[in-house]
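What follows is a short report on a single structure.
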C-alpha cells in the first residue's frame, strides 16, 4: 500500500514517529506500506511529469 503524506516543509516533520507508526501497522495488519512524503511543490512536479504514483493519487 502506498501512502502519501503531504507536508509544507519536510524539515519540520518527525520521520521517526511516522515510521514507528507504519512499522506497527505493518506488523499488526500484515500489509506492506510504502510511505511517500512530499512537499507540495515536489508533488506538483510529479504531476507535471505524469508520474504514475501522483496521477493515481489525484484520480
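Regarding residue 46, is this residue touching a strand residue (DSSP E or B) at 6+ places or on another chain (Cβ under 8 Å) and surrounded by 10 or more Cβ atoms within 10 Å (Cβ to Cβ)?
When the stated conditions are applied, residue 46 passes them.
Let's see how each residue does on (1) touching a helix residue (DSSP H, G or I) at 6+ places or on another chain (Cβ under 7 Å); (2) assigned to a strand (DSSP E or B):
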position: 3; (1), (2): no, yes
position: 17; (1), (2): no, no
position: 20; (1), (2): no, no
position: 28; (1), (2): no, no
position: 32; (1), (2): yes, no
position: 43; (1), (2): yes, no
position: 50; (1), (2): no, no
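Can you pull out the residues in the stretch 13-43 that are within 16 Å of residue 2 (Cβ to Cβ) and touching a strand residue (DSSP E or B) at 6+ places or on another chain (Cβ under 8 Å)?
Scanning the stretch 13-43 gives 18, 19, 22, 33, 34, 35, 36, 37, 38, 43.
Laboratory data are not the source of any read-out in this text; all were calculated from the coordinates shown. Keep in mind that what you see is a predicted model, and the values were worked out from it rather than measured. Please note: Cβ atoms are built from the backbone with ideal geometry, for glycine as well, and neighbour counts cover all protein chains shown.
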